[in-house]
Amino acid sequence: MGTNYYAISKKAKHDKPLHIGKSSMGWKFLFYKLKDYENYFTHETINTYEKWKKLLQDKNVSIVSEYNDDIDFDSFDKMVEIKQHCNNPDNFKYNLNVYGYRFSEDEFC
């Protein structure tokens with residue numbers, strides 16, 4: 001079991017929140033590789049944690065969990081960095097290793 005996190009606009013209403021990724025017990029955080037055509041904020045591909053951080057720190061972006069909990073950026077970043085110490089041997093078996101962070105090119109839940 002895990003928790004999915006999403007980026008939403010503080011200004012405009014969009015049909016679909018952007019899936020940031022998922023936190024699961026015993027695993028590094030799994031980021032979704034956001035394609036340029038899915039990114040209604042900057043229209044750029046987001047394929048590194050640095051790019052996700054840049055987007056998530058924007059004053060017009062909020063982070064929410066699948067349970068509708070608001071998460072400030074500092075708390076989200078701390079959670080991700082703590083999860084970086086999870087050394088599950090299968091962390092990168094089915095996912096991309098992007099500078100030590102787990103990424104999926106496919107949508108997941």
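Taken together, the values in this text are just the output of simple stated rules run on the coordinates, not laboratory data. Computed from a predicted model, the values in this text were never measured in an experiment. Positions of Cβ are backbone-derived with ideal geometry, glycine not excepted, and every protein chain shown enters the neighbour counts.
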Original post:
In region 1-52, what count of residues is obtained for those that are touching a residue at least 24 places away in the same chain (Cβ under 8 Å), among the charged types (D, E, K, R) and assigned to a loop (DSSP other than H, G, I, E, B)?
Top reply: 4
Original post:
Which condition breaks for Asp72 when tested against (1) loosely packed, with under 14 Cβ neighbours inside 10 Å; (2) touching a residue at least 60 places away in the same chain (Cβ under 8 Å); (3) under 20 Å from Lys28 (Cα atoms)?
Top reply: (2)
Original post:
Looking only at region 4-45, which residues are among the aliphatic types (A, V, I, L, M) and surrounded by 13 or more Cβ atoms within 10 Å (Cβ to Cβ)?
Top reply: Ala7, Ile8, Leu18, Ile20, Leu30, Leu34
Original post:
For the subset of region 79-103 comprising residues that are among the polar types (S, T, N, Q) and assigned to a loop (DSSP other than H, G, I, E, B), which member is surrounded by the most Cβ atoms within 10 Å (Cβ to Cβ)?
Top reply: Asn95
